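**Student:** This is the structure I want to talk about, given as structure tokens.
The values are calculated or read from the model by the stated rules, or taken from the named source; none is laboratory data. Values in this document were obtained by computation on a predicted structure and should not be read as measured data. Positions of Cβ are backbone-derived with ideal geometry, glycine not excepted, and every protein chain shown enters the neighbour counts. In case anyone asks, the SASA skips ligands and DNA or RNA and just uses the protein heavy atoms, side chains included. Shrake-Rupley method; radii C 1.70, N 1.55, O 1.52, S 1.80 Å.
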Amino acid sequence: MKVLVIGSGGREHVLAWKLADSPHVDDLYVAPGNPGTDDVATNVPIKDTDIDGLLKFARDKKIDLTVVGPEAPLVLGIVDTFEKAGLKIFGPSAAAARLEGDKAFSKELMQKHAIPTADSRTFSDYLTARQYIAARDVPLVVKATGLAAGKGVIVCDEPSQAIRAAEKIMVDRIFGLAGRQIVVEERLYGQEASILAFIDGQNIYAMEAAQDHKPIGDGDTGLNTGGMGAYSPTPIVTDSLMQQIEEKVFVPVVHAMHRNGTPFKGVLYAGLMLTPAGPKVIEFNCRFGDPEAQCVLTRLKSDLFEVMLATVEGKLDTVTLQWDTRPSVCVVLASGGYPAKYETGKEITGLADAGGLPDTWVFHASTKLQGKKVLTAGGRVLGVTALGDDIADAQKRAYKAIEKIHFDGMYCRKDIASKALGI
Ligand code: AMP
Ligand code: GLY
């Protein structure tokens, strides 16, 4: 079979690495890919949002299955275009991808179907939003409703901060057009968990739970990022909590999308806050998480190609997911300054040494080649992932591998997975 993966980050590197392992996959392409995906597949220089270019490539090469990594092409309707052309593609339609691409839509859907989530209001007008916020005396969170690379959320302690956040998003447009509308919601407290599930339109098959670390600083301080590290499984997500999450979150949302005539197919990601009142949805994403995918997929023993094909064909009930019982930890190495200003083009050394350690992988998130040298090319640069006998062992192995890697300004959180260890 010929498979095309779309995207260029750490998530796409782990997807390609895992798909390359399937005996069904003869030819594997990644568009546009990165120097890491080039080791396990053939990179094709087509941008992930160039839907016409990707369609032409898939037709010319007679691709049997296309797998979409990031949200942008999904929200733009790549699945609709490919399906219309009779091509198999893994991911939701544009209408279903609104669960991520339009927070106002997903909040409305959750409210309508009593899916537990933070109380919220949506605003299209800054002055009305300001009036509303000024009258509230609880901590609030202000969110751009459109796509903002995981950064469109400002968590506030005081109404004055929330007013400034609304102004920055709606008036100064710090997240561009994504900030035409905002959602203002109550701030929730608790630990977070990312639950990802394969959905084939009707059937739901949850993967093992993961926990991301969104803020840039140790102890969850500082600005939010795309994710600075993750681990799986998450001990606080017990079997009974998982069952509750499936019943109260996944079943109603999947049924609602199906009944609305916009069935969800692909991976649905529920970002949850585990509050004293039970799990509440912070956000839905319409694809694998990054870096959650690095943790979850290094633990998946089953053939990812078979699972994805079954999802696309509406036969998810015919497959079983098998997991390595060993936990995994992924630590993101970022460019100094990220998520604000940072420099790129720094030479990275030690990649082979780190990746050569047992049960350890260095997934490339944002790198580029210059001759034989690998250079940094973005904010989140690498995701160093290790399996271990327990979480402490996996954490130790990931950080040990990191000691071998160097680039100027390299930054990582030092406490990824510490929460699971009660540290
Ligand atoms: P989102 O992009 O919606 O997942 O938000 C990014 C991050 O902001 C989340 O992972 C949380 O850490 C934080 N966040 C979002 N919504 C809330 C909320 N209602 N209460 C507390 N923190 C939140
Ligand atoms: N790690 C968070 C996300 O992928 O959205």
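**Student:** Give me the 1.4 Å probe accessible area per residue for the chain, excluding ligands and nucleic acids, in Å².
**Tutor:** With all protein chains present, the chain gives 41 Å² per residue.
**Student:** Given the options LEU272, LEU188, LEU241, state which has the largest fluctuation in a GNM of the chain using a 10 Å cut-off (strictly under) for Cα springs.
**Tutor:** LEU241
**Student:** From the Cα gyration tensor of the range 277-373, with a ≥ b ≥ c the square roots of its eigenvalues, which class applies: rounded if a/c is under 1.5, or else prolate if a/b is larger than b/c, or else oblate?
**Tutor:** Prolate shape, in that a/c is at least 1.5 and a/b is the bigger ratio.
**Student:** Fully extended, how many nm does the chain gain between ASP353 and GLN244 (0.36 nm per residue separation, minus their Cα-Cα distance)?
**Tutor:** Stretched out fully, the ASP353 to GLN244 stretch lengthens by 35.0 nm.
**Student:** In the Gaussian network model of the chain, springs joining C-alpha atoms below 10 Å, which of ASP137, ASP212, ASP200 carries the largest mean-square fluctuation?
**Tutor:** Top of the fluctuation ranking is ASP137.
**Student:** About the Cα centre, and with charges only on the beta carbon of Lys, Arg (+1) and Asp, Glu (-1), how big is the dipole of the range 280-391? Nearest 20 debye, please.
**Tutor:** It works out to roughly 500 debye.
**Student:** Further question on the same structure: Find which of VAL44, ALA114, ILE204 sits farthest along the positive direction of the dipole of the chain, computed with +1 on the beta-carbon of Lys and Arg, -1 on that of Asp and Glu, about the Cα centre.
**Tutor:** VAL44
**Student:** Please list the non-local residues whose amide H lies under 5 Å from the amide H of THR117, H modeled 1.01 Å from N, same-chain partners needing a gap of 5 or more.
**Tutor:** So THR117 has HN proximity to VAL281.
**Student:** Once both labels are modelled 7 Å past Cα along the beta-carbon direction, what's the LYS414-LYS368 spacing in nm?
**Tutor:** 3.3
**Student:** Taking R0 as 35 Å, what FRET efficiency do you get between GLN191 and ASP137 from their Cβ-Cβ distance, rounded to the nearest 0.05?
**Tutor:** 0.85
**Student:** Continuing with the same structure: Just the accessible area for CYS156, please: 1.4 Å probe, Å², rounded to the nearest 10?
**Tutor:** 0
**Student:** Among 72-80, 382-390, how do they line up from the highest to the lowest mean number of other beta-carbon atoms within 10 Å?
**Tutor:** 382-390, 72-80
**Student:** Then there's this: Provide the gained length on full extension for the span HIS406 to THR42, in nm with one decimal, where the gain is 0.36 nm per separating residue minus the Cα-Cα distance.
**Tutor:** 128.4 nm
**Student:** For the range 155-287, what does the alpha-carbon gyration tensor say about shape, rounded, prolate or oblate, given a ≥ b ≥ c as the root eigenvalues, a/c under 1.5 as rounded, and a/b over b/c as prolate?
**Tutor:** Oblate shape, in that a/c is at least 1.5 and b/c is the bigger or equal ratio.
**Student:** Taking GluC sites (Glu not before Pro) as candidate sites, keep only those in a DSSP loop with at most 16 other Cβ atoms within 10 Å, then name the longest stretch of the chain containing none of them.
**Tutor:** Maximal segment without exposed cleavage sites: 1-312.
**Student:** Name the residue, out of SER160, SER328, SER194, whose mean-square fluctuation peaks in a Gaussian network model built on the chain with Cα pairs under 10 Å.
**Tutor:** Looking only at SER160, SER328, SER194, the biggest GNM fluctuation is shown by SER160.
**Student:** Also, quick follow-up: What trypsin sites (Lys or Arg not before Pro) does the range 355-394 have in DSSP loop regions with at most 12 other beta carbons within 10 Å?
**Tutor:** LYS372
**Student:** Of the trypsin sites (Lys or Arg not before Pro) in the range 17-57, which ones lie in a loop per DSSP and count no more than 12 other C-beta atoms within 10 Å?
**Tutor:** none
**Student:** Would you mind calculating the gained length between ASP125 and LYS315 on full extension (0.36 nm times residue separation, minus the Cα-Cα distance), in nm to one decimal?
**Tutor:** Length difference between fully extended and current span is 64.0 nm.
**Student:** I've got another one for you. Greater than 28 Å separation of Cα atoms is the criterion. Which listed pairs, LYS62/LYS315; LYS56/LYS214; LYS103/LYS214; LYS168/LYS419, meet it?
**Tutor:** Flagged as over cut-off: LYS56/LYS214; LYS168/LYS419.
**Student:** Cβ under 15 Å from CYS412's Cβ, CYS412 left aside: what net charge do those residues give with Lys, Arg +1 and Asp, Glu -1?
**Tutor:** Charge balance near CYS412 sits at +3.
**Student:** If you take the square roots of the eigenvalues of the alpha-carbon gyration tensor of the chain and sort them as a ≥ b ≥ c, do you get rounded (a/c under 1.5), prolate (a/b over b/c) or oblate?
**Tutor:** rounded
**Student:** Let me check I've understood the local charge: for ARG164, count other residues with C-beta under 15 angstrom from its C-beta, Lys and Arg +1, Asp and Glu -1. What total comes out?
**Tutor:** Charge balance near ARG164 sits at +1.
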